[in-house]
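For reference, the structure is listed below as structure tokens.
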Amino acid sequence: MMIADTDVLIDFLQDDQPVARRIEIELERGQLSTTAVTRFELLAGARTTRQQGLIAELLAALPCLPLDETAADRAAEVRRTLEKQGLAIGMGDSLIAGIVLAQRGVLLTRNRRHFERVPDLALGRI
């Protein structure tokens, strides 16, 4: 399962290539989902009625993976591990990583600098 991070969905909404095309391909395949954290970030960042409409339309087409107990436990483990190493990635990214790990998915993101730090997290290529 391919799971889209916030940055690649913003690129899709802004038609920034080549990321927008990759998201389009995954949507056509029916293989793309996102996380509740990304849903929150997109909705919280919408500044105009137009943006809100575009985001709502995109989110309606994407399954949203929850931050359930298993994902929260994995996210806490990610955060503890990386903080001990002095490589913290922030709460939002820790939560996203936990959800992806719990789902055994592949994260599609441009933020490789953060997510490459997470042990066992599979990252997709743009």
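What the table shows:
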quantity	calculated
Computed magnitude of the charge dipole of the chain (debye, nearest 20; Cβ of K, R +1, Cβ of D, E -1)	240 debye
The chain: antiparallel DSSP beta bridges as a percent of all, rounded to 5	0 percent
Under 5 Å, built H, 5+ apart or other chain: amide partners of G124	L107, L108, T109
Mean separation of Cα contacts under 8 Å, 6 or more apart, over the residue count of region 2-123: relative contact order %	29 percent
Surrounding net charge for L32, when Lys and Arg each add one and Asp and Glu each subtract one, Cβ distance under 10 Å	-1
Formal net charge of residues neighbouring A102 (Cβ-Cβ distance under 13 Å; K, R +1; D, E -1)	-3
MRE, 222 nm, helices only [DSSP H, n ≥ 4, -39500 (n - 2.57), over the chain, to nearest 500]	-17500 deg cm²/dmol
Distant alpha-carbon pairs in region 47-115 (separation over 16 angstrom), percent	56 percent
Cα centroid separation - region 52-91 against region 1-46, whole Å	14 Å
Mean projection area, nm², convex hull over Cα of region 2-123	7.1 nm²
As computed over region 76-126, the Cα convex hull volume per residue (Å³)	64 Å³
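Read-outs throughout are calculated quantities, based only on the coordinates presented, and are distinct from any laboratory measurement. Keep in mind the model is a prediction, meaning the values are calculated, not measured. As a convention, Cβ positions derive from the backbone with ideal geometry for all residues, glycine included, and neighbour counts pool all protein chains shown.
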